[in-house]
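This report concerns only the one structure given below.
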Amino acid sequence: MYWTTVKIELFKIFSRVRTYIGFAAITLLIPLIQIALYIDGETYLEFSLQNLKEAFSFQGELLNGYLATYIILITLYVHIPFLVTLVTGDLLAGEAASGTFRMILTRPVSRVKLILAKFTAGIIYTSLLIAWMAVLSITMGVLVMGTGDLVVIKNTIFIFAENDVLWRLVCAFAYGLVAMWTVAALSTMLSAFADNSIGPIMLTMTIIIAFIIISAIDLSIFRVVKPFLFTNYLGSWKLFFEDPVDYNKILNSIWVLLFHIGIFLSATIITFRRKDILT
Amino acid sequence: MNQKRTYKILFSALTCMLLFDFGASGQDADLLIKNVREKFQKVKEYEAAVSIKIDVDFVKIPDKTGTIWFMQPDHIKVKTKGFSLLPKRGMNFSPNQLLEGGFTPIWIKKEVVDGHNTEVVKVIPQSDDSDILISTLWIDPVKNIIRKLESTTRNEGTFVMQFSYGKLYSGYELPEKIIFDFDLRKNEIPLGLTGDFESERPKDPKPKNTRGTVTIFYSDYIVNQGKALQYFKGKGD
């Protein structure tokens, strides 16, 4: 019964045009970034590594498919939440807006099961979106620019051997899944409060952007708040690109995100159970 | 009177000794460098396996292995698997690059380096355009090889090279290990390039000077057998 509801919800999701906006955007953006990097990536690297050029000569190519994938991850991880929330923000609010809730709730499915089925469908959509992003960026990057060592420029410059990169990228995308599930849970929760999907989508993005800005501003008052903002843990996939990898920190971030998913989902269930369905 | 005469003789003797000593030392410095150059000139070309270990506090890179080709006077090429950082000065240990153009050698003292007796010679380039302002060489006078070298450059601070020699390769004394220690400036990288927006570490906008060390291991030299010649001809270098 539960899986039938999930399938129905998935059918609903994939019947809407907006579901394909995310896939279309990724299909368009990733090749665009990769072509731009292929043409002008050397300049990007030259500028980033200029202080090393004073003492070292570079031997070998750093511009490759792995670097392109890493740059795509850095560039898009702030924007992908928008593509996620475009669908998940509509999960409950969309039904309210179209006036189909009463009809749905006449079926022998409890409200909790309905919420869980909708959330599961949202999670599946999010996972497919991230998986498509991973497959497209890695395969296309490797096909266009080949493989090679990966340079990661942070406060420390990390250079990873070619055979030490792919697992890091796969783990980063896997972490990205959990991060985007959190965004999906947040927008589903906000969706439970609204009667149209614009509100939850806008509010989710406003919260994420505001929290990221707070995290980025290096002021003492924000430093106190920072550990309590879930957005602070969205980018922890970058820890896979350090040596040694701080697994404790990554696990801690995963737990924080899962905790948020739990909170958001519980809040959604509580709100929806008490909700007076008028449409 | 006798005492005055004794002083006079003593003073003359000391003056003679000092003059003789300085004269001999100046000659020695020239000779030491000439011997080192002549010895290295016999190595027309070589191919060797290299292993490069980089130790810079803000760079983490795995050790790299590869092949190095050298051909007189200063053609050098290194090829490694994947991407490598090669120290601009450290790979080429030929004394030619250091002693090109006119230079003034000054003998300083004797010193023991890693258990080997060496003669310390300072070398001052005569050209105003030379990037190296002054170099100090620790020369092994028995084997006519450089054991240690310290140079101060116009733009890149100071670098030190320590040479370790092992077995002879086809009768030639070539280093098996070079420790290259150098100055390095660390600039803060703009956030937009790092994507490191959530970094908890405070950013320091001022460039910092730091030291870097590169250890290069050389092995399996093939000397004067045309290997590097073939390589450079093939590359059109």
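What follows draws every value from the coordinates through simple rules; no lab data is involved. Computed from a prediction, not measured in an experiment: that's the story for all the values here. Heads up, the Cβs are rebuilt from the backbone with ideal geometry, glycines too, and the neighbour counts pull from every protein chain shown.
Observations
- Inter-chain shielding of B:74-85 (mean C-beta neighbours from other protein chains, 10 Å cut-off): 5
- Considering only alpha-carbon pairs that sit under 8 angstrom and 6 or more positions apart, the relative contact order computed for chain A is 26 percent.
- Lysine pair count for segment A:138-279 (Cα-Cα distance under 26 Å; residues 8 or more apart in sequence or on different chains): 6.
- Over the protein assembly as shown, DSSP H runs of length four or greater, each weighted -39,500 (n - 2.57), average out per residue to a 222 nm ellipticity of -16500 deg cm²/dmol.
- Once both labels are positioned 7 Å from their Cα atoms along Cα-to-Cβ, the gap between B:THR136 and A:LEU278 label points is 8.8 nm.
- Residues of segment B:138-160 with an amide N closer than 12 Å to a point placed 7 Å from the Cα of B:ASP30 along the Cα-to-Cβ direction: none.
- Measuring r between the beta carbons of B:GLU111 and A:THR43 and using R0 = 41 Å, the FRET efficiency lands at 0.30.
- Helices meeting the span-like rule in chain A (full DSSP H runs, Cα extent of at least 30 Å along the helix axis, mean Kyte-Doolittle score of -0.5 or higher): A:17-48, A:111-145, A:166-193, A:247-274.
- A Förster distance of 25 Å, applied to the separation of the beta-carbon atoms of A:ILE124 and A:ILE254, puts the FRET efficiency at 0.80.
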